[in-house]
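Here's the structure, in structure tokens; my notes come after.
The values are calculated or read from the model by the stated rules, or taken from the named source; none is laboratory data. Keep in mind it's a predicted model, so treat the numbers as computed, not measured. All Cβ positions, even for glycine, are placed from backbone atoms using ideal geometry, and neighbour counts span all protein chains on display.
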Amino acid sequence: MEYLGKRILDNPTKETLEKLSVDAPDETIYQKVLKNWDGIAKPLDGMGKFETITAQIGAILGTDEIDLSKKAVLILCADNGIVEEGISQSGQEVTLAVAKEMAEHASSVGKMAKTIGADTVPVDIGINSQEEIPGVLAKKVRPGTRNFSKEPAMTEEEALQAIFTGIALAADCKEKAYQILATGEMGIGNTTTSSAVAAALLHCEAEAVTGRGAGLCDEKLLRKKQVIAQAIEKYNLYEADPFTVLRTVGGLDIAGLAGICIGGALFHIPVVLDGVISMVAALLAQRLVPGTLQYLIPSHKGKEPAMEKMVKELNIDPVIHGNMALGEGTGAVMMMSLLDMALYVYSGKTSFEDIQVEQYQRY
């Protein structure tokens, strides 16, 4: 892994990205985990999706003795130039303020992560401020993207730097022996960038994937949809490749999250997705490096309109249907807590023999 990571990260070019390939998770381990579940004193498939999800995790990690005690939540913070167009209820100063709260473990994700012993790692990949924030990892590509209604959000070099920053974060977590990662984000305007990317990649109307974000009024919601639709037409994004879509209307957080997804696949770390922003990043990652999806675990089905289409496109089935829209990685952390409970049952290995009951058989 050390050689692979160095080789990739020392050459962050489009050609390097295009040449990346991932191995499939271990199918033998996948089947062994499912067999282990069948030997536990419960009805067959009694733990439902958690049996197949833990089998997926075991296949990724390469073992049926699954331990997820060392967890990290990577929260990418970045601003978006498109807020100039009046598509958000808040200004960019909120991104900086929340990042500071994250550094103090005082935001929602920090409080939730504490309950399951997960480490939170806020990352400045593009906050529109030159202020250094103690407790926030400094990985700034630039101080926010450009206003994509006027010009592309990022240059090719900036988009690549953000993607490879995400890959490097995953590599670093692998070196530190983290066993599972969660994706989080913070950035005013990022439901606009994610909706724009989703509309372009899915070849659908802006109307179908654009929601109220943090709580837009009808007037601003209409403006948000107009801005996205106009950008898709201006840059001919229905005909564009995924990388071009990303650098044209995406965000630095989305690019970095796509990198984390790719890094998880390269270095065999399961990555738990959060809401619509990380779902869009997951689709980008899969389009950029096919096979990445096998290493990704959905958490919740948020209330943004794009989520329904993203779930269908990725053919994944989030466990939590809580109508959440908090972001920060909170849904992913909630999923981690459910995985902990499922694995407590799995690792406990209470057999049918232990309870003196004949084991259920598959027919």
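Per-residue answers, yes or no, for (1) acidic (Asp, Glu); (2) closer than 20 Å to Glu328 by Cα; (3) within 19 Å of the chain's Cα centre (by Cα):
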site: Ile60; (1), (2), (3): no, no, yes
site: Lys71; (1), (2), (3): no, yes, yes
site: Met102; (1), (2), (3): no, yes, yes
site: Ile125; (1), (2), (3): no, yes, yes
site: Lys150; (1), (2), (3): no, no, no
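For region 132-145, the set of residues classified as over 21 Å from Glu84 (Cα atoms) and part of a loop (DSSP other than H, G, I, E, B) consists of Glu132, Ile133, Pro134, Gly135, Val136, Lys139, listed by residue number.
Residue by residue, here is whether (1) in a helix (DSSP H, G or I); (2) crowded, with 24+ Cβ neighbours inside 10 Å; (3) in the same structural domain as Glu233 (by TED's automatic domain parsing) holds:
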site: Thr244; (1), (2), (3): yes, no, yes
site: Arg247; (1), (2), (3): yes, no, yes
site: Ile254; (1), (2), (3): yes, yes, yes
site: Gly263; (1), (2), (3): yes, yes, yes
site: Asp274; (1), (2), (3): no, yes, yes
site: Ala285; (1), (2), (3): yes, yes, yes
site: Val311; (1), (2), (3): yes, no, yes
site: Gly322; (1), (2), (3): no, no, yes
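Check region 146-169 and report whether any residue there is part of a helix (DSSP H, G or I), at negative phi, polar (S, T, N, Q) and surrounded by fewer than 17 Cβ atoms within 10 Å (Cβ to Cβ).
no
Of everything listed in (1) of a type in the set (A, V, I, L, M, F, W, C); (2) over 22 Å from the mean Cα position of the chain (by Cα); (3) modelled with pLDDT under 95, the single unmet condition for Ile29 is (3).
Every residue, every condition in (1) closer than 20 Å to Gly256 by Cα; (2) of a type outside the set (A, V, I, L, M, F, W, C), yes or no:
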site	(1), (2)
Gln92	yes, yes
Val98	yes, no
Glu101	no, yes
Glu104	no, yes
Ser107	no, yes
Ile116	no, no
Thr120	yes, yes
Ile125	yes, no
Ser129	yes, yes
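One residue stands out among those in region 222-240 that are under 17 Å from Gly81 (Cα atoms) and of a type in the set (A, V, I, L, M, F, W, C): the one that is surrounded by the fewest Cβ atoms within 10 Å (Cβ to Cβ), which is Ala229.
Counting the residues of region 62-84 that are touching a Gly at 6+ places or on another chain (Cβ under 9 Å), surrounded by 15 or more Cβ atoms within 10 Å (Cβ to Cβ) and of a type in the set (Gly, Ala, Ser) gives 2. Filtered by the rule that a residue be over 23 Å from Ala59 (Cβ atoms) and part of a helix (DSSP H, G or I), region 287-309 gives Ala306, Met307, Glu308, Lys309.
Looking only at residues in region 280-289 that are free of Cβ contacts under 8 Å to residues at least 60 places away in the same chain and not polar (S, T, N, Q), the one that is farthest from Gly189 (Cα to Cα) is Ala285. For region 35-56, check the following and say yes or no: at least one residue is within 30 Å of Leu160 (Cβ to Cβ), surrounded by 14 or more Cβ atoms within 10 Å (Cβ to Cβ) and not small (Gly, Ala, Ser). Yes, there is a match, as at least one residue in region 35-56 is within 30 Å of Leu160 (Cβ to Cβ), surrounded by 14 or more Cβ atoms within 10 Å (Cβ to Cβ) and not small (Gly, Ala, Ser). Could you please find all residues in region 324-352 being charged (D, E, K, R) and not in a helix (DSSP H, G or I)? Once the filter is applied, which keeps residues that are charged (D, E, K, R) and not in a helix (DSSP H, G or I), region 324-352 yields Glu328, Lys349.
Every listed requirement among (1) over 24 Å from Thr192 (Cβ atoms); (2) not in a loop (DSSP other than H, G, I, E, B) is met by Ala106 save one, (2). Here the condition is being outside the structural domain of Thr95 (by TED's automatic domain parsing) and at pLDDT 90 or above; of Thr350, Thr292, it holds for Thr350 alone.
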